[in-house]
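What follows is a short report on a single structure.
The values are calculated or read from the model by the stated rules, or taken from the named source; none is laboratory data. Keep in mind that what you see is a predicted model, and the values were worked out from it rather than measured. Because the Cβ atoms are built from the backbone with ideal geometry, glycine has one as well, and the counts that use them run over all protein chains shown.
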Amino acid sequence: MDIFQTILIAVVEGLTEFIPVSSTGHMIITEKLLHLPDNDYTKMFTVAIQLGAILAVVVLYRKKFFDFKNIPFYFKLFVGVIPAIILGLLFSKKIDALLESTSTVAISLLLGGIVLLFIDKIFKHNTVASEKKITYLQSFIIGIWQCLAMVPGVSRSAASIIGGMQQKLTRSEAAEFSFFLAVPTMLAATGYKLLKHYKEAGGFTGEEIKQLAVGNLVAFVVALLAIRFFIGFVKKYGFRIWGIYRIILGVVLLVLIWKGVLQ
């Protein structure tokens, strides 16, 4: 992986982490088009640079994350991340195997797109418009929904937003809570992947450290811009456009797989 490929994948991550189109799915597609190897380092890199994008949430919502008087906020995030930690540890190898499957990404994008076409109409009377009104049980249930994103192409953002709206959160509040829940989720996932790679590979090479640093920095900067755009867009237009995009991309990928362009 050269520096251009590193930056390109990081830009894709920053742009897609917080919109419901699957950042992992888009990175897998990008890696396939760049003909990068399906090895453990590539899989680790795909997860690790998500940390940079997640840190953009902490910066943009720093008043929220560093309001130590609002202790329930931290407990809600802790409760919400429990399902992902448990299932992630139990099915780590199966999840890694799915990261090699472009067809899984295509089908997940397509099916998820169909759901997003109707989500605004299905949940148009939601009333929970503040994080303080979210209960611990709702946080846990949203965390369970988030686990669907362990299948590449589903989208962590889409799964947790749909889960939030199913739990009566307004679409803008569901999107913001999805951002908040991403922080502990991706911290745990990144920490696990980095530690696993360190143990199995005996450490990181200088080139790998450089790639991880550049990747996280680029993902962080791009995500700062993407988050601001997404919240404003969702409040005004909802999720239908993302459903259409997912369906088109899913169909295109299936055709490319059928034609042998993608494996």
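Would you be able to tell me the number of residues in segment 1-26 that are touching an Asp or Glu at 6+ places or on another chain (Cβ under 9 Å) and over 14 Å from Ser157 (Cβ atoms)?
3
Looking at the structure I just gave you, is Ser130 under 15 Å from the mean Cα position of the chain (by Cα), of a type in the set (Ser, Thr, Tyr) and modelled with pLDDT under 95?
No, not satisfied.
State all residues of segment 1-44 that are closer than 20 Å to Gly250 by Cα, assigned to a helix (DSSP H, G or I), touching a helix residue (DSSP H, G or I) at 6+ places or on another chain (Cβ under 6 Å) and not charged (D, E, K, R); if no residue qualifies, say none.
Residues satisfying the conditions are Ile9, Val12, Leu15, Thr16, Ser23, Gly25, His26, Met27, Ile28, Thr30.
Does Ile122 satisfy being surrounded by 14 or more Cβ atoms within 10 Å (Cβ to Cβ), over 16 Å from the mean Cα position of the chain (by Cα) and under 21 Å from Leu169 (Cα atoms)?
no
Answer yes if at least one residue in segment 10-17 is modelled with pLDDT under 90 and surrounded by 19 or more Cβ atoms within 10 Å (Cβ to Cβ), and no otherwise.
Yes; the residues of segment 10-17 include at least one that is modelled with pLDDT under 90 and surrounded by 19 or more Cβ atoms within 10 Å (Cβ to Cβ).
Would you call Lys236 out of contact with any Phe, Trp or Tyr (no Cβ under 7 Å at 6 or more places or on another chain), under 16 Å from Ala48 (Cβ atoms) and assigned to a helix (DSSP H, G or I)?
Spelling it out, it is not the case that Lys236 is out of contact with any Phe, Trp or Tyr (no Cβ under 7 Å at 6 or more places or on another chain), under 16 Å from Ala48 (Cβ atoms) and assigned to a helix (DSSP H, G or I).
Of the residues that make up segment 133-140, is at least one surrounded by 14 or more Cβ atoms within 10 Å (Cβ to Cβ) and of a type in the set (D, E, K, R)?
no
Is there a residue in segment 182-195 that is over 19 Å from Leu89 (Cβ atoms), touching a residue at least 24 places away in the same chain (Cβ under 8 Å), polar (S, T, N, Q) and touching a helix residue (DSSP H, G or I) at 6+ places or on another chain (Cβ under 9 Å)?
No: zero hits.
Can you tell me which residues in segment 186-214 are farther than 29 Å from Ser160 by Cα and part of a helix (DSSP H, G or I)?
Within segment 186-214, Tyr198, Lys199, Glu200, Ala201, Gly206, Glu207, Glu208, Ile209, Lys210, Gln211 qualify.
Condition check ((1) surrounded by 17 or more Cβ atoms within 10 Å (Cβ to Cβ); (2) more than 25 Å from Ala10 (Cβ to Cβ); (3) among the polar types (S, T, N, Q)) across all residues:
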site	(1), (2), (3)
Ile142	yes, yes, no
Pro152	yes, no, no
Met165	yes, yes, no
Ala175	yes, no, no
Leu187	no, no, no
Gly191	no, no, no
Glu200	no, no, no
Gln211	yes, no, yes
Asn216	yes, no, yes
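Among the residues of segment 88-134, count how many are more than 30 Å from Leu33 (Cα to Cα) and assigned to a helix (DSSP H, G or I).
Adding up the residues that qualify gives 9.
With the condition kept exactly as written, say whether any residue in segment 76-83 is closer than 30 Å to Thr6 by Cβ, touching a residue at least 40 places away in the same chain (Cβ under 8 Å), surrounded by fewer than 19 Cβ atoms within 10 Å (Cβ to Cβ) and under 18 Å from the mean Cα position of the chain (by Cα).
For segment 76-83, residues closer than 30 Å to Thr6 by Cβ, touching a residue at least 40 places away in the same chain (Cβ under 8 Å), surrounded by fewer than 19 Cβ atoms within 10 Å (Cβ to Cβ) and under 18 Å from the mean Cα position of the chain (by Cα): absent.
Out of all the residues in segment 48-70, is one or more among the aliphatic types (A, V, I, L, M), under 20 Å from Ser103 (Cβ atoms) and either part of a helix (DSSP H, G or I) or at pLDDT 90 or above (or both)?
For segment 48-70, residues among the aliphatic types (A, V, I, L, M), under 20 Å from Ser103 (Cβ atoms) and either part of a helix (DSSP H, G or I) or at pLDDT 90 or above (or both): absent.
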